[in-house]
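The values are calculated or read from the model by the stated rules, or taken from the named source; none is laboratory data. No experiment lies behind these values; they were computed from the predicted model shown. For neighbour counting, all protein chains shown are included, and Cβ atoms are generated from backbone atoms with ideal geometry for every residue, glycine included. All accessible areas refer to the heavy atoms of the entire protein, side chains included, with ligands and DNA or RNA removed. Shrake-Rupley method; radii C 1.70, N 1.55, O 1.52, S 1.80 Å.
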Amino acid sequence: MQKFEWSDRLAVGVPMIDTQHKELITAINELSEAIEQGTGTTAIKKLLTFLKYYAEWHFENEEGCAAKHKCPIADTNAQAHAKFLDIFTKLQKEYRESGASDEIARRAHAQLADWLVSHIMTIDTQIGQCIREAKAHA
């Protein structure tokens, strides 16, 4: 299973957002480790519970910063967050309907990890740049 190490390429340059992203990556990496150890079915429940609250809280914080600093990509960011929550809701539904399985754990890891890294590198980096520029001109 692919694990993600925090690096400068994932940093958006806004400490609060970077710290929250590190927590999300840690949670996804914990699922990866659990799958490798054969305990993915237990870990998926923990990840889904964590993400239900953490992702919504993080998205609210990030969207608030983007709005406050009038980032041009703020709407795109909010739409991407809505897409993530849709993916997450579908995974939760599958989990509830079929119970925990290695297949669901692997699929959840792949979908969530791909989305998170892609989102950070394409959209959140722009949000970070906007926030940093706004603060520099304040």
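Of the solvent-accessible surface of the chain, computed with a 1.4 Å probe over protein heavy atoms with every protein chain present, carbon and sulfur atoms account for 51 percent.
Relative intensity of the stretch 1-62 on a log10 scale, I(q)/I(0) at q = 0.26 Å⁻¹, equals -1.08, per a Debye sum over C-alpha point scatterers of equal strength in the absence of solvent. The alpha-carbon of Lys46 sits under 26 angstrom from the alpha-carbons of these lysines, leaving out residues fewer than 8 places away in its chain: Lys3, Lys22, Lys83, Lys90, Lys93.
So what's the convex hull volume per residue for the Cα atoms of the stretch 73-138, in Å³? Cα-based convex hull of the stretch 73-138, divided per residue, equals 76 Å³. Once the Cα-Cα distance is subtracted from the 0.36 nm per residue extended length, the Ala100 to Ile87 segment shows a gain of 3.0 nm. Using a probe of 1.4 Å, the accessible surface attributed to Lys45 totals some 120 Å² when neighbouring protein chains are kept in position. Residue separation of Glu133 and Ala78 scaled by 0.36 nm, minus their Cα-Cα distance, works out to 17.8 nm of gained length. Most tightly packed first, judged by the mean number of other beta-carbon atoms within 10 Å of their residues, the peptides 6-12, 107-113, 117-123 read 107-113, 117-123, 6-12. By the Cβ distance rule of under 4.7 Å, the chain has these cysteines without a partner: Cys65. From largest to smallest, the equivalent ellipsoid semi-axes obtained for the chain from the alpha-carbon gyration tensor read 29, 15, 11 Å. Springs between Cα atoms under 10 Å define the GNM used for the chain, and in it the highest mean-square fluctuation of Phe50, Phe59, Phe88 occurs at Phe50.
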